[in-house]
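Below is one structure; the comments refer to it alone.
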Amino acid sequence: MTDVIYDKTFEISDFAEGDLKKADYEGCTFVNCTLSNANLTGINFIDCSFSNCDLSMATLNDTAFRDVWFTDCKLLGLRFDLCKEFLFEVNFEGCQLNLSSFFQRSLKKTRFKNCELKEADFAEANLTESVFDNCDLSGAIFDNTILDKVNLVTAYGYTIDPDKNSIKKAKFSASGVVGLLSKYDIVIE
């Protein structure tokens, strides 16, 4: 039987390369914690928040993130594609998500605000109605991705092939349309 930890705040804790206790964390807050390279396999985070934390390269095999908020966190190279799919829900503000993978992940209505998502993998993901507010998507992978009704008006650096992705009713800025035409090797002035 898995332990359940309710409404606990973890501050300035270092779990780097160590294991956070395998449990269900409900309503917990993690502030200024280091979880880089930590093994988070099988841990369930439910209605939790992470603020100013470093989870870079943490192992997320069968990890659950259900209604979890990340604010000003370093999340480099995370494999969100290995997390539990059931009720997966995350939101990000001010986070570094470079080289993270959301391959085949359902991210409907996910909010990314002021985030770096350089070379993030969104291949085959469902981003319907998600918002990328002031996000750097340089080198991000969009391949067979559902981007219907997504808001990319203030996002930048992206390249999206409309022939390989669904972009029905997606919102782009006039300058961002260049990222939709890059495959044609045309000059836009």
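The values are calculated or read from the model by the stated rules, or taken from the named source; none is laboratory data. Just so it is clear, the structure is predicted and the values come from calculations on it, not from any experiment. Don't worry about glycine lacking a Cβ; one is built from the backbone with ideal geometry, like all the others, and counts go over all protein chains shown. Side chains are part of the model used for accessible areas, which takes the heavy atoms of the whole protein and leaves out ligands, DNA and RNA. Shrake-Rupley method; radii C 1.70, N 1.55, O 1.52, S 1.80 Å.
Things worth noting here:
- Check on Leu107, of a type outside the set (S, T, N, Q), crowded, with 16+ Cβ neighbours inside 10 Å, at pLDDT 95 or above and farther than 23 Å from Thr29 by Cα: no
- Residue list for the range 45-64, filter: touching a Lys or Arg at 6+ places or on another chain (Cβ under 7 Å), open to solvent by 10 Å² or more (accessible area, probe 1.4 Å) and not in a loop (DSSP other than H, G, I, E, B): Ile46, Asp54
- Condition met for Ile5 (open to solvent by less than 70 Å² (accessible area, probe 1.4 Å) and within 23 Å of Phe102 (Cα to Cα)): no
- Of all residues in the range 111-156 being of a type in the set (Asp, Glu) and part of a loop (DSSP other than H, G, I, E, B), the one that is farthest from Phe92 (Cα to Cα): Asp143
- Within the range 3-44, being farther than 18 Å from Asp62 by Cβ, aliphatic (A, V, I, L, M) and assigned to a loop (DSSP other than H, G, I, E, B) holds for Ile12, Ala16.
- Residue in the range 24-32 that is in contact with a Lys or Arg (Cβ under 9 Å, 6 or more places away or on another chain), surrounded by fewer than 18 Cβ atoms within 10 Å (Cβ to Cβ) and either β-branched (Val, Ile, Thr) or touching a residue at least 40 places away in the same chain (Cβ under 8 Å) (or both) present: yes
- Hey, Phe92 free of Cβ contacts under 8 Å to residues at least 24 places away in the same chain and assigned to a strand (DSSP E or B) or not: yes
- Out of Asp67, Asp148, sole residue that is over 19 Å from Thr34 (Cα atoms), in contact (Cβ under 8 Å) with a residue 12 or more places away in the chain, open to solvent by less than 40 Å² (accessible area, probe 1.4 Å) and in contact with a strand residue (DSSP E or B) (Cβ under 8 Å, 6 or more places away or on another chain): Asp148
- Conditions (1) open to solvent by 50 Å² or more (accessible area, probe 1.4 Å); (2) closer than 19 Å to Cys135 by Cβ; number of the one not met by Leu75: (1)
- Test: Phe70 is farther than 20 Å from Lys22 by Cβ, aromatic (Phe, Trp, Tyr), modelled with pLDDT of 95 or more and not in a loop (DSSP other than H, G, I, E, B): yes
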